[in-house]
2 protein chains.
Amino acid sequence: MYRFEPNLRIPGPTHLPPGVREAGGRQMINHRGPEFAALMARIDRRMRVFFGTEQEIILLTAAGTGGLEAAVVNTLSPGDRVLAMPTGAFGDRFAKIAGVYGADVTRLETEWGRAADPAALRAHLAADADYRAVLLTHNETSTGVTNPVAALAAVARELAPGALILVDGVSALGAVPFEMDAWGLDVVITGSQKAWMAAPGMSMIALSERAWAAAEEARMPRFYFDLREARKSAASGQTPWTPAVAVMYQVDAGLALMEAETPAGVFARHAACAAATRAGLETLGFRLLADPAFASNTVTAAWIPEDLDWKTFNGELKARQVILAGGQGKLKGKIFRVGHLGAVNLDDILGAIGVMEEVALGLGRPAEPGSAVGAAQRAVLAAGEIHPVAAQGAPA
Amino acid sequence: MYRFEPNLRIPGPTHLPPGVREAGGRQMINHRGPEFAALMARIDRRMRVFFGTEQEIILLTAAGTGGLEAAVVNTLSPGDRVLAMPTGAFGDRFAKIAGVYGADVTRLETEWGRAADPAALRAHLAADADYRAVLLTHNETSTGVTNPVAALAAVARELAPGALILVDGVSALGAVPFEMDAWGLDVVITGSQKAWMAAPGMSMIALSERAWAAAEEARMPRFYFDLREARKSAASGQTPWTPAVAVMYQVDAGLALMEAETPAGVFARHAACAAATRAGLETLGFRLLADPAFASNTVTAAWIPEDLDWKTFNGELKARQVILAGGQGKLKGKIFRVGHLGAVNLDDILGAIGVMEEVALGLGRPAEPGSAVGAAQRAVLAAGEIHPVAAQGAPA
């Protein structure tokens, strides 16, 4: 059946709501003028809520990977000992960036699909706690695992109190509860094209007081990503280099929607869509990659069954405009991923699961019309996320 | 008189034409899919014409400053001797980036407002040609001077044949003739928010064969801006990190307009608007900063007269929605700048000059209604750029 708009089920870039699309088409303004300063201030104010911080939010014109690089080069010096806890391709990348800039990186590995284990961190640090920084990934986009950042950070703060805690929060911040200050995190990074419902192009980053102090001492070379310059400019409502103004318009519009929905509403919507995705995929016979105890509310990864011709199956999905993501790194060709973050609603998930069910039937795989979609709906009901009509409120 | 839309006369971000605005509001797509690959390919094909190169155009999600950093860190190693020829704030920045990453930078200075002199370069290199790179600024945005890049490059290639020639082409490429290959340039950088009529967020960069070879040897640390990764991904129609997709939509739309107008048409339009700006400002009694022989076709800088209360004058311009840029670096508070690049038409220039004339009259300054606007129009006529109606063609 023809579909008029793709169902973009990749973990970013995410689908843009109408108001965000409109914002992306606005005319340019002077990036050294008062209208721009007000835009920056609004983003800062609203985004702090989702970071769980009283620190300012610094805006960088870059992909999330640029934000990771900024976190590293602004707080560390060549030769600094760094403990990385990679749990997938993005944790790998974070560790690699630190290494490229001369850090002495120790890797505490976790099997892909499982979460970083606070007990393993405790055991490691008990033997060797002489680190300048610990690198954590909040939500590992490549595996669909949300790591227990609060628990990991608590261990690090206890056993390695001198270590800065740098957290890749790119793909779940804004979609799930997060408390940078309460959890004692030092640097947190996110990206505009994930939960924030905007186009890619901006990375947002916040630093604790001790991270800002570290930025004064850090000796890794940096210019474009020098956060001291960004902070200096932010004090007068500017950025040091010309920013991605239209992406900021969109982030601003997205945050307005998120504020209206309330953080609790945003988080519950993501939890429900994630539960529906997992139940639907499992009913279709897919085995999920992530440890269920740490399954992500923003992206779900599933193994490609050995008896499934993925190219044909995925080709049929694409023909029906359901766009999934593939595996990354060593999981390439072995898994697929379904994004359910940003401007996602149950309709999108039921639609995607329904099309997958239809394609499975068409290819003669064991499937029963309505079973996967039904399982997805039951999962949402179980999560208590289909509200009485009166609770929905009027559209903004 | 109330104005319904600002006349944004800063040298970037520039005014977006309607089709480019619309492109900025488009829905997201999979950045690992065929639609995205086609978008990248179109930008590459159309932009090469304006670079004057057969090399591929690499897209970076960053401001132009990020592009400058990419040029430096991908071709040089710490300790390399570099000759910088700064002619203003952006040339200063280019030299500073090289220094931050450990290059041994020699600065051959030029008075701000004048162009870098090929004879001075010849004299310098005759005495000392042991450089790994020469840093040039094509159009110095802070002074409104377009440096004679072809002549400077010819001297460098003759006397320092081993030196790479890195050119900041951010603020004029696309608006004036440019021949990267014919002039023997090794790295050329530009930015989406300048002549390309798009929002900020992308920097575009091209490397010669010997620059690509240098990228394999260069030892400055880099990850986000590693152009080897960008080239590898580009071969399969992708970028290594999530790109600013909506800005690319806009660059693509802008290039389609530029192709329809023809490069010669684009260049003539900029020349005419620049001539009009210069004549109008001079008639209003402003002394221009730039050496007339090298006056930029994309931005004009003028001294603030000692007897003019700039804050009041500029405040009145702002109230009438004519937005000018101030001075940068050591020219802050001493000059103002008028941008005339990208989607600029004579209407915009006459409007800005007219408002300035009106404000000057209102403040009791010597001015005669119509004289500055008239001078601007005569300058355009002299440039042969008011065409018979038939030559205009139908709108696309």
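So here's what we get for this one:
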{"item": "Test: residue in the range A:166-185 that is under 13 Å from A:Ala84 (Cα atoms) and hydrophobic (A, V, I, L, M, F, W, C)", "result": "yes"}
{"item": "Scan of the range A:179-217 for residues that are surrounded by fewer than 24 Cβ atoms within 10 Å (Cβ to Cβ) and of a type outside the set (Asp, Glu), ordered by number", "result": "A:Ala182, A:Trp183, A:Gly184, A:Ser208, A:Arg210, A:Trp212, A:Ala213, A:Ala214, A:Ala215"}
{"item": "Sole residue being of a type outside the set (A, V, I, L, M, F, W, C), farther than 21 Å from A:Thr242 by Cα and out of contact with any helix residue (DSSP H, G or I) (no Cβ under 7 Å at 6 or more places or on another chain), chosen from A:Arg32, A:Arg114, A:Arg9", "result": "A:Arg114"}
{"item": "Complete set of residues in the range B:85-120 that are crowded, with 24+ Cβ neighbours inside 10 Å, away from chain A (no Cβ under 14 Å) and not in a loop (DSSP other than H, G, I, E, B)", "result": "B:Gly91, B:Trp112"}
{"item": "Residue count, the range A:206-251 (criterion: assigned to a loop (DSSP other than H, G, I, E, B) and more than 28 Å from B:Met248 (Cβ to Cβ))", "result": "7"}
{"item": "In the range B:33-69, the residues that are among the acidic types (Asp, Glu), over 30 Å from A:Gly315 (Cβ atoms) and more than 7 Å from chain A (Cβ to nearest Cβ)", "result": "B:Glu54"}
{"item": "Some residue of the range B:56-76 being in the same structural domain as B:Asp104 (by TED's automatic domain parsing), over 27 Å from A:Leu60 (Cβ atoms) and not β-branched (Val, Ile, Thr)", "result": "no"}
{"item": "Candidate set from the range A:65-84 (those that are in a loop (DSSP other than H, G, I, E, B) and of a type outside the set (D, E, K, R)); member that is nearest to A:Met248 (Cα to Cα)", "result": "A:Asn74"}
{"item": "Residue in the range B:234-250 that is touching a helix residue (DSSP H, G or I) at 6+ places or on another chain (Cβ under 9 Å), touching a residue at least 24 places away in the same chain (Cβ under 8 Å), more than 14 Å from chain A (Cβ to nearest Cβ) and not acidic (Asp, Glu) present", "result": "yes"}
{"item": "Failed item in (1) farther than 30 Å from B:Val359 by Cβ; (2) within 10 Å of chain A (Cβ to nearest Cβ), with B:Leu8 passing the rest", "result": "(1)"}
{"item": "Only listed residue being modelled with pLDDT of 95 or more and not in a helix (DSSP H, G or I), chosen from B:Thr312, B:Thr300", "result": "B:Thr300"}
{"item": "Candidate set from the range A:18-32 (those that are among the small types (Gly, Ala, Ser) and at the interface with chain B (Cβ under 7 Å from one of its Cβ atoms)); member that is nearest to the chain's Cα centre (by Cα)", "result": "A:Gly24"}
{"item": "Qualifying position, being at pLDDT 95 or above, over 20 Å from B:Met40 (Cβ atoms), out of contact with any strand residue (DSSP E or B) (no Cβ under 6 Å at 6 or more places or on another chain) and within 13 Å of another protein chain (Cβ to nearest Cβ), among B:Ala198, B:Ala218", "result": "B:Ala218"}
{"item": "The range B:148-165: number of residues that are out of contact with any strand residue (DSSP E or B) (no Cβ under 6 Å at 6 or more places or on another chain) and in a loop (DSSP other than H, G, I, E, B)", "result": "4"}
{"item": "Test: B:Gly79 is modelled with pLDDT of 95 or more, under 30 Å from A:Gly102 (Cβ atoms), surrounded by fewer than 19 Cβ atoms within 10 Å (Cβ to Cβ) and in contact with a Leu (Cβ under 9 Å, 6 or more places away or on another chain)", "result": "no"}
{"item": "Residue match in the range A:311-330 (condition: without any contact (Cβ under 8 Å) to a residue 40 or more places away in the chain and away from every other protein chain (no Cβ under 14 Å))", "result": "yes"}
{"item": "Condition check for A:Ile323: more than 20 Å from A:Val170 (Cα to Cα), modelled with pLDDT of 95 or more and part of a strand (DSSP E or B)", "result": "yes"}
{"item": "Only one of B:Gly79, B:Gly88 that is touching a Phe, Trp or Tyr at 6+ places or on another chain (Cβ under 7 Å) and more than 22 Å from B:Val20 (Cα to Cα)", "result": "B:Gly88"}
{"item": "Condition check for A:Ser203: within 12 Å of chain B (Cβ to nearest Cβ), under 30 Å from B:Tyr249 (Cα atoms) and not in a loop (DSSP other than H, G, I, E, B)", "result": "yes"}
{"item": "Subset tally (residues that are surrounded by fewer than 24 Cβ atoms within 10 Å (Cβ to Cβ) and either touching a Lys or Arg at 6+ places or on another chain (Cβ under 9 Å) or not in a loop (DSSP other than H, G, I, E, B) (or both)) for the range A:166-178", "result": "1"}
{"item": "All positions within the range A:37-64 that are assigned to a helix (DSSP H, G or I), within 17 Å of the chain's Cα centre (by Cα) and within 16 Å of A:Thr262 (Cα to Cα)", "result": "A:Met47, A:Arg48, A:Val49, A:Phe50, A:Phe51"}
{"item": "Residue match in the range B:131-147 (condition: in a strand (DSSP E or B), of a type in the set (Asp, Glu) and either more than 14 Å from chain A (Cβ to nearest Cβ) or closer than 24 Å to B:Arg278 by Cβ (or both))", "result": "yes"}
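Table: residues versus (1) in contact with a strand residue (DSSP E or B) (Cβ under 8 Å, 6 or more places away or on another chain); (2) at pLDDT 95 or above; (3) among the acidic types (Asp, Glu); (4) assigned to a helix (DSSP H, G or I).
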{"site": "A:Leu317", "(1), (2), (3), (4)": "yes, yes, no, yes"}
{"site": "A:Gly354", "(1), (2), (3), (4)": "no, yes, no, yes"}
{"site": "A:Glu357", "(1), (2), (3), (4)": "no, yes, yes, yes"}
{"site": "A:Gly364", "(1), (2), (3), (4)": "no, no, no, no"}
{"site": "A:Pro369", "(1), (2), (3), (4)": "no, no, no, no"}
{"site": "A:Ala375", "(1), (2), (3), (4)": "no, yes, no, yes"}
{"site": "A:Ile386", "(1), (2), (3), (4)": "no, no, no, no"}
{"site": "A:Ala391", "(1), (2), (3), (4)": "no, no, no, yes"}
{"site": "A:Ala394", "(1), (2), (3), (4)": "no, no, no, no"}
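The values are calculated or read from the model by the stated rules, or taken from the named source; none is laboratory data. As the structure is a prediction and not an experimental result, all values here were calculated from the model. Neighbour counts run over all protein chains shown; Cβ positions are idealised from the backbone, glycine included.
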